[in-house]
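Pasting in a structure now, in structure tokens, and then I'll have a few things to ask.
Just so it is clear, none of the values below were taken in a lab; they were calculated from the coordinates. From a predicted model like this one, the values you see are computed outputs, not experimental measurements. Cβ placement follows ideal geometry from the backbone for every residue including glycine, while neighbour counts extend to all protein chains displayed.
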């Protein structure tokens with residue numbers, strides 16, 4: 001909406017009164033008299049402006065000003081909730097762990113360790129995404145979340161700090177060697193953790209296959225399974 005300003009006339013009136021009063025009480029025939037009166041007038045004017053400020057107002061029919069749009073939240077701030085606080089926390093832990101692995105990967109120059117960190121990042125994301133989709137499996141990865149994942153990041157951070165020193169020493173070299181040896185074991189452990197999440201599904205599928213094989217045999221529809229090593233072997237007979 002357009003803004004109009006109504007200026008206060010009180011300061012002007014008071015300045016006029018000052019000059020009128022000064023002229024009546026004192027003579028104005030010397031330059032010093034004019035200077036003194038001007039100084040007093042300026043002081044009265046400033047004081048009156050402070051006591052009687054200008055006022056703003058709007059006229060009817062003035063176009064309304066559109067409110068300034070609120071800034072769009074950053075992409076990283078646009079995070080949706082799953083409705084399950086535990087899963088929200090799990091996803092946040094995933095994001096922090098993956099982000100830290102990427103930072104360490106950029107910092108550590110050793111190609112073999114970089115390859116292993118890449119693998120750990122992928123498997124970590126798969127583990128947590130799988131549990132986020134099936135929250136009932138959360139108890140299966142408690143130790144992974146509370147110990148194995150944070151300890152792995154701690155070990156990699158220690159390696160990164162020692163590697164960044166750029167010097168060789170007994171303690172530094174020995175620790176880096178142990179980390180390099182341990183990373184292979186950690187990679188296998190992460191893989192096993194992901195594999196363990198599918199144990200129930202594997203048992204269910206195995207049971208289904210066994211039941212189907214038995215039913216096929218009872219109906220006389222069973223056959224000898226073909227071995228992958230023998231492409232010319234017998235096939236299922238219907």
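Of everything in segment 165-179 that's out of contact with any helix residue (DSSP H, G or I) (no Cβ under 7 Å at 6 or more places or on another chain) and in a helix (DSSP H, G or I), which residue is farthest from residue 107 (Cα to Cα)?
Among them, the one singled out is 170.
Separate question: Among the residues of segment 145-153, is there at least one that is under 25 Å from residue 201 (Cβ atoms) and without any contact (Cβ under 8 Å) to a residue 40 or more places away in the chain?
Yes; the residues of segment 145-153 include at least one that is under 25 Å from residue 201 (Cβ atoms) and without any contact (Cβ under 8 Å) to a residue 40 or more places away in the chain.
Still on this structure, I have one more. So is residue 167 surrounded by 13 or more Cβ atoms within 10 Å (Cβ to Cβ), farther than 20 Å from residue 92 by Cα and free of Cβ contacts under 8 Å to residues at least 24 places away in the same chain or not?
No; evaluated as a whole, the condition is false for this residue.
Separate question: Return the residues of segment 89-123 that are more than 15 Å from the chain's Cα centre (by Cα), exposed (fewer than 15 other Cβ atoms within 10 Å of the Cβ) and within 23 Å of residue 135 (Cβ to Cβ); say none if nothing qualifies.
Correct list: 122 only.
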